[in-house]
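Peer 1: Sharing a structure below in structure tokens format, with a few things to ask.
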Amino acid sequence: MKFQTAIQVLKKDAEFMGITFEQILIFIQRNPYAVPQRVIEAFGVYQKQVNREQDAEQTCMVNV
């Protein structure tokens, strides 16, 4: 699954549940068995991308 697709899946699930994007991320972390497998996969893709971006920022700061 691509990052943009993952974002769309997460946004649609958040809208379905009537909560914000940030709230759906917290909900999935706390209740992974309460959401469909596709949402869990999307969350994994999202987390990997966020971690890559954070690692890249840290690397840039170290090299300065």
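Peer 1: Look at Thr5 and say whether it is at pLDDT 95 or above and among the hydroxyl-bearing types (Ser, Thr, Tyr).
Peer 2: Numbers: at pLDDT 95 or above: yes; among the hydroxyl-bearing types (Ser, Thr, Tyr): yes.
Yes; evaluated as a whole, the condition is true for this residue.
Peer 1: With the requirement that a residue be of a type in the set (Val, Ile, Thr), part of a helix (DSSP H, G or I) and modelled with pLDDT of 95 or more, what does segment 10-50 give you?
Peer 2: If we filter segment 10-50 for residues that are of a type in the set (Val, Ile, Thr), which is where we start, we get 19-20, 24, 26, 28, 35, 39-40, 45, 50.
Cutting the leftovers down to part of a helix (DSSP H, G or I) gives us 24, 26, 28, 39-40, 45, 50.
Selection gives Ile24, Ile26, Ile28, Val39, Ile40, Val45.
Peer 1: Okay, moving on. Are there any pairs with C-beta distances below 8 angstrom linking a residue in segment 14-40 that is closer than 18 Å to Met1 by Cβ to a residue that is at pLDDT below 95 and part of a helix (DSSP H, G or I), with the two at least 6 apart or on different chains, and if so which?
Peer 2: Matching pairs, first to second residue: Ile40/Pro32.
Peer 1: For Glu53, are the conditions met, namely being modelled with pLDDT of 95 or more, in a helix (DSSP H, G or I) and among the charged types (D, E, K, R)?
Peer 2: Values: modelled with pLDDT of 95 or more: no; in a helix (DSSP H, G or I): yes; among the charged types (D, E, K, R): yes.
In short, no.
The values are calculated or read from the model by the stated rules, or taken from the named source; none is laboratory data. Note that this is a predicted model, so its numbers are computed, not measured. We place every Cβ from the backbone using ideal geometry, glycine too, and count neighbours over all the protein chains shown.
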